[in-house]
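Here, each number is a calculation from the coordinates, and none is a lab measurement. Note that the structure is a prediction, hence the values are computed from the model and not measured. Here the Cβ positions follow ideal geometry from the backbone for every residue, glycine too, while neighbour counts run over all protein chains shown.
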Amino acid sequence: MGGAAVKPAPFAYASPTTLDEALALVGNESRPLAGGQSLVPMLNFRLARPERLVDLERVEGLASLREDGGSLRIGAMTRHAAIERSRVVAEGWPLLRQAVVLVGHPQIRSRGTIGGSLAHADPKAELPVALAALGARYHVRSTRGARTIAALDLALGPLMTTLAPDELLVEIEVPALPPGARTAFVERARTHGDFAIAGVAAVRAPGHAAIALLGAAPKPVRAPAIEAALINGDELPAPEVDDAYQRALLTALIERAIA
Amino acid sequence: MSWIGRAVPRREDEPILRGEARYLDDLHVDGVLHAAFVRSPFARARVTGVSAPAGLTVLTASEVPGTLLVEGRPDLELTDAPHPLLAGDEVRYAGQPVALVLASSRALAEDAAELVEVDYDPLDAVVDPRAASETLLRFEKRSGDVEGAFAAAAHVVRARHAIPRVAAAPMETRGVLAEPAGGGLRVWASAQDVHRTRAGLAHALALDPAAIRVTLPEVGGAFGSKGTPSPETASVAAAALRLGRPVKWAEDRFENFLAAYQGRGMEAEVELALDAGGRILAVRAHIVADLGAYLLGNTAAPPHTCAMLMCGCYAIPAAAVTVVGARTDKVPTGPCRGAGRPEAAAFLELTVDRAARELGLDPVELRRRNVIRAFPHETPLGFVYDSGDYERCMDLAVELVEPEHGDEGDRIVATGVALYVERAGGQFEEARVAVEADGHVVATAGSGPHGQGHATTFAQIVADALGIEPGAVGVRLGDSDAGLDGIGTFASRTTAMAGSALLLAARRLRERLDAGETGPLSEQARFSSDQVFGSGAYAAVVEIERATGELRVRRIAAVDDAGTIVNPLLAHGQVCGGTVHGLGAALTEEMVHNEDGQPTTASFLDYSLLTAAELPDIRAEFVQSPSPRNPLGAKGIGEGGAIGTPAAIGNAVAAALGGRHVDPPYTAEKLWAALR
């Protein structure tokens, strides 16, 4: 093992360069390390104590961002900053840009990755909510094979996902927006750059509405009753949230998002 | 040409901005051991055993005995409950240091600390100060016919306010490097001053103060939280003595949230007796302070200051105050920027606004009928205010803030005004001004800085007295071996006290120079004075969104009377910094302990500091009523913003809510609930 002592509890470290090597290394006590913006603080607090970190930094082919047959394909190691600056994203998937600029501060966005955000499954994270509104699909690999997870089926709750310990999220596929779509991401945070208390991702187009909520549940959710009301031009129902304040906040944010 | 009142840029900034400033953690001495602490995970427990694998260097209370210094005061009833360096057979707050582990690096020391096993018998924790059975402090003061005034009053107004605990959260956390030296110690500490650090260590280690030399490296802020040496600092110094090796501790942010003493944490019931014309006849206040588990050297200061300031800026003939300092199973409290003054301002000023609402008077008009206009003014509680122009501060603040009130449909807009008076200065400081053999002028003071800009200000004062440029004055600070006694940098006292000592020394030197003396010359002065009383008025315009309760501060007016302003640039910086500190206390900051006494806000994830994006327009002006108590006429400016701002915001919020009561921080959720 060797190496200098560091702030976290002792751990082994691997830095594979190919996806196959990485897949062979991850498992129960081996955790993948992406941009480290959530995991490293947890390591420093010694709340996370993996036996081994598998650093995905040098794995080839995980940081691409391209349009492919009308869909957007984003490698899991793509930095928030790359999404923020991408013309392809700005022109075809503006909701992602509207959401990503609300993630932390520039320093965090220059290191943090979209795959790390999704796999960490913090219920206050913006990108998983935007991707839920966009109907994204998550491509997952393991030594056992490949599978695809629908956006709403990844997170189970705070810091819990349906990913098996030996699986890696490798790519995010975002379908094209419907013609004439307009999008918005609005949130309320205590301070600029803080995690959101509540947020709304909205996509509207003729005959189409997608509303995804942050702060309604311990994971991203869609609001089908509100979506139906928007499509039918009915009065909007209140979001289905138990907490009265969160309901009031989300109601106000939904109004702002669709204004 | 006078250098007093000139906006001279800070000479301190360039090395800091170039990355050349050396903070505690930048210091290295050969052979140093690094310390990590084993801390209690329980708020209250009996400690029944400590064990560690062979080969670790672990010190416990049996190797490092002793307690920290608590100086008694004749007017305060203090319980004998000093903080032990390391916990003995009981722990009384989550985070209390139990053992000290030493290794060749901080990281290895943390690894080793995890191998230390401590056996605890957990006990129920006392979290609510009102439910505490033990007290650490009692104080009571009264003067005038309080009962008669309340019996005869046309109106009696009662209010209850609570101000939560806050973290000082300096950018640089605490730390110390201690090296054995000739039977004593050489100590570098991230501290507010050298004198209290040396006195505190001498007491804790039973050493002659002369055997300890304390030096301040660059210190990245304290906001009151590095005034009295911590149990960790004393334990590290004790370890260095015992092992005969240099030992260093640079705490991390988590430790700072857990174990650095916290501020505020006071509740009060305030009653005002008013006559039919709106004149305040008497004030009565009962204050409960959540002092935490032990008395530190300065734990008693904030509640005492708060109680003594309960007459505020008003000519109130009779007053009665009581303080109960409750012992709770939480980290101790101590000064945090304002240190009792923000609490007093909020308790009194929010009650004055309540009185205005109940009497149907404009709050500014009610204040106008009661402000003190003649100085010196002795309050019934015994403070003697030296000078001021409270009414002018108030009128200027109202003018600057451009008040707005009204219902804008989706939001309510309201303005709040608050006055404050604060005690500053007092006691003594020593300083020396010399012409050295090479002809250079050097000013040396016992008082050291932790970010304020002492060197810039001191150079101006000396240059002004000698008739030279400030750039020609070298300044030496922060060394207990400089041969200069003093108290330290706290309570907005440095310009008034150390600045005046320098001025006296420089004037004497000037006389000798004018008399034709040459060669190395040195003059030393000691300046003592009674406290001085700075004052001010703050006003804020806020808007509250009905649908979400979100509060936005549209603008804030800050008018401070700190007597003579030596450097308006630095003073303006202090006002802005203090105002932002006060805004944080009003809007987001709160240290929360759950029912088991566990802190739930022990990182910046949960403890919310404001960012630049949240800051409103700050319109700051000075009124200058020189103090007659020192030759500069100076008072103090480091705390005004932190004192006036929360009270002004509180009054604006209360006005917006039509008087419905909410305690700070004024979070959106609380305001939304109050609007329902």
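May I ask for the net charge around residue A:110, where only other residues with Cβ less than 14 Å from the Cβ of residue A:110 are counted and Lys, Arg are +1 while Asp, Glu are -1? Show your work: numbers first, answer last.
Details: positive: A:79, A:85, A:109, A:111; negative: A:57, A:84.
Here the count lands on +2.
For peptide A:189-195, what's the mean number of Cβ atoms from other chains within 10 Å of each residue's Cβ? It would help to have the intermediate numbers written out before the result.
On the way: counts 1, 10, 10, 5, 2, 6, 2.
Per residue, the number of nearby Cβ atoms from other chains is 5 on average.
Can you list which of the GluC sites (Glu not before Pro) found in segment B:351-405 are DSSP loop residues with at most 15 other C-beta atoms within 10 Å? Walk me through the intermediate numbers first.
On the way: sites: B:358, B:365, B:378, B:391, B:399, B:404; in loops: B:404.
Qualifying residues, ordered by number: B:404.
Counting C-alpha atoms alone, how compact is the protein assembly as shown: give Rg to one decimal and Dmax as a whole number, in angstrom.
Expressed in Å, the Cα Rg and Dmax of the protein assembly as shown come to 30.1, 96.
Among the GluC sites (Glu not before Pro) within segment B:572-605, which fall in a DSSP loop and have no more than 12 other Cβ atoms within 10 Å of their own Cβ?
Numbers: sites: B:589, B:590, B:595; in loops: B:589, B:590, B:595.
Those satisfying the criteria are B:595.
Give me the distance in nm between label points sitting 7 Å out from Cα along the Cα-to-Cβ direction at residue A:55 and residue A:107, one decimal.
Distance between label points: 2.0 nm.
Can you list residues from other chains, or at least 5 along the same chain, whose modelled amide H is less than 5 Å from the amide H of residue B:220?
Distant-sequence amide H within range of residue B:220: B:172.
Within chain B, which whole H helices from DSSP have a Cα span along their axis of at least 20 Å and a mean Kyte-Doolittle hydropathy of -0.5 or more, if any?
Numbers: long enough: B:341-359 (26 Å, -0.13); B:500-514 (21 Å, -0.09); B:568-587 (28 Å, 0.86); B:640-656 (24 Å, 1.08).
For chain B, where a helix must reach 20 Å along its axis and average at least -0.5, the hits are B:341-359, B:500-514, B:568-587, B:640-656.
Between residue B:554 and residue B:90, what is 0.36 nm times their sequence separation minus the Cα-Cα distance? Round to one decimal in nm. Walk me through the numbers on the way to the answer.
Values: separation 464, 0.36 × 464 = 167.04 nm, distance 4.94 nm.
The span from residue B:554 to residue B:90 would gain 162.1 nm if fully extended.
Only sites in a loop by DSSP and with at most 13 other Cβ atoms within 10 Å count here; which trypsin sites (Lys or Arg not before Pro) in segment A:48-156 make the cut? Mind dumping the intermediate values first?
Numbers: sites: A:52, A:58, A:66, A:73, A:79, A:85, A:87, A:97, A:109, A:111, A:124, A:137, A:141, A:144, A:147; in loops: A:58, A:124, A:144.
Those satisfying the criteria are A:58, A:144.
Between residue A:166 and residue B:138, what FRET efficiency comes out of the Förster formula 1/(1 + (r/R0)^6) with R0 = 51 Å and r the beta carbon distance, rounded to 0.05? Could the numbers behind the result be given before it?
Values: r = 63 Å, r/R0 = 1.24.
With R0 = 51 Å, the Cβ-Cβ based efficiency is 0.20.
Quote to one decimal, in nm, the extra length available between residue B:515 and residue B:104 on full extension: 0.36 nm per residue of separation minus the C-alpha distance between them. Write down the numbers at each step before the final one.
On the way: separation 411, 0.36 × 411 = 147.96 nm, distance 5.85 nm.
Fully extending the segment from residue B:515 to residue B:104 adds 142.1 nm.
Quick check for you: which residues of segment A:164-188 have the amide N under 16 Å from the point 7 Å beyond the Cα of residue A:143 toward its beta carbon?
Once the point is set 7 Å along Cα→Cβ of residue A:143, A:164-168 turn out to lie under 16 Å by backbone N, inside segment A:164-188.
For the residue pair residue B:30 and residue B:399, what label-to-label distance in nm results when each label sits 7 Å from Cα along the Cα-to-beta-carbon direction?
6.6
Beyond 24 Å between alpha-carbons counts as too far, so tell me which of A:7/B:248; B:226/B:670; A:124/B:226 fall in that bin.
Details: A:7/B:248 16 Å; B:226/B:670 33 Å; A:124/B:226 35 Å.
The pairs that break the limit, which is 24 Å between Cα atoms, are B:226/B:670; A:124/B:226.
Grab the other residues whose beta carbon is less than 12 angstrom from that of residue B:399, score K and R as +1, D and E as -1, and report the net.
Numbers: positive: B:392, B:619; negative: B:395, B:402, B:621.
Around residue B:399, the charge tally is -1.
Stretch residue B:22-residue B:375 to full length: gain in nm at 0.36 nm per residue minus the Cα-Cα span?
Working: separation 353, 0.36 × 353 = 127.08 nm, distance 4.53 nm.
Length difference between fully extended and current span is 122.5 nm.
What is the calculated FRET efficiency for residue A:91 to residue A:153, with r their C-beta to C-beta distance and R₀ = 35 Å, to the nearest 0.05?
On the way: r = 29 Å, r/R0 = 0.82.
For residue A:91 and residue A:153, the calculated efficiency is 0.75.
Please identify, among A:179, A:218, A:32, the residue showing maximal mean-square fluctuation in a Gaussian network model of chain A using a 10 angstrom Cα cutoff.
Comparing A:179, A:218, A:32 in the GNM, the peak value goes to A:179.
Cα centroids of segment B:284-332 and segment B:529-552: how far apart, whole angstrom?
22
Quick one: net charge around residue A:202, please, counting Lys, Arg +1 and Asp, Glu -1 for every other residue with C-beta under 10 Å from its C-beta. Show your work: numbers first, answer last.
Numbers: positive: A:182, A:204, A:256; negative: A:227.
With Lys, Arg at +1 and Asp, Glu at -1, the neighbours total +2.
Out of B:376, B:463, B:28, whose Cα points farthest toward the positive end of the dipole of the protein assembly as shown (charges: +1 Lys, Arg; -1 Asp, Glu; placed on Cβ)?
About the Cα centre, the residue reaching furthest to the positive side is B:463.
Which shape class, rounded, prolate or oblate, goes with chain B when its Cα gyration tensor gives a ≥ b ≥ c as root eigenvalues, a/c under 1.5 marks rounded, and past that a/b bigger than b/c marks prolate?
On the way: a/c = 1.76, a/b = 1.16, b/c = 1.51.
Oblate shape, in that a/c is at least 1.5 and b/c is the bigger or equal ratio.
For residue B:410 and residue B:152, what does the FRET efficiency come to when R0 = 56 Å and r is the distance between their Cβ atoms, rounded to the nearest 0.05? Provide the component values of the computation, followed by the final result.
Values: r = 47 Å, r/R0 = 0.83.
Between residue B:410 and residue B:152 the formula returns 0.75.
Among DSSP bridges having both ends in the protein assembly as shown, what percentage is antiparallel? Round to the nearest 5. Walk me through the intermediate numbers first.
Working: 146 of 182 bridges.
Antiparallel: roughly 80 percent of the beta bridges in the protein assembly as shown.
Cα centroids of segment B:592-671 and segment B:124-152: how far apart, whole angstrom?
Segment B:592-671 and segment B:124-152 have Cα centres separated by 25 Å.
Gaussian network model of chain A, Cα springs within a sub-10 Å range: biggest mean-square fluctuation belongs to which of A:201, A:176, A:184?
In the Gaussian network model the winner is A:176.
Going by alpha carbons, how many degrees (0 to 90, nearest 10) lie between the helix axis of A:244-258 and the longest principal axis of chain A?
Once rounded, the angle reads 80 degrees.
At 222 nm, what helix-only mean residue ellipticity would chain A give, in deg cm²/dmol to the nearest 500, using -39500 (n - 2.57) for each DSSP H run of four or more? Each step should come with its number before you reach the end.
Numbers: 10 runs with 76 residues, N = 259.
My calculation for chain A gives -7500 deg cm²/dmol from helical runs alone.
Using helices alone, what [θ] at 222 nm do you get for chain B, with -39,500 (n - 2.57) per DSSP H run of 4 or more residues, divided over all residues and rounded to the nearest 500? Display every interim value, and only then the final one.
Working: 15 runs with 170 residues, N = 676.
The helix-only estimate for chain B comes to -7500 deg cm²/dmol at 222 nm.
Which distance in nm do the two modelled labels at residue B:75 and residue B:322 give, with both placed 7 Å along the Cα-to-Cβ direction?
Calculated label separation equals 1.9 nm.
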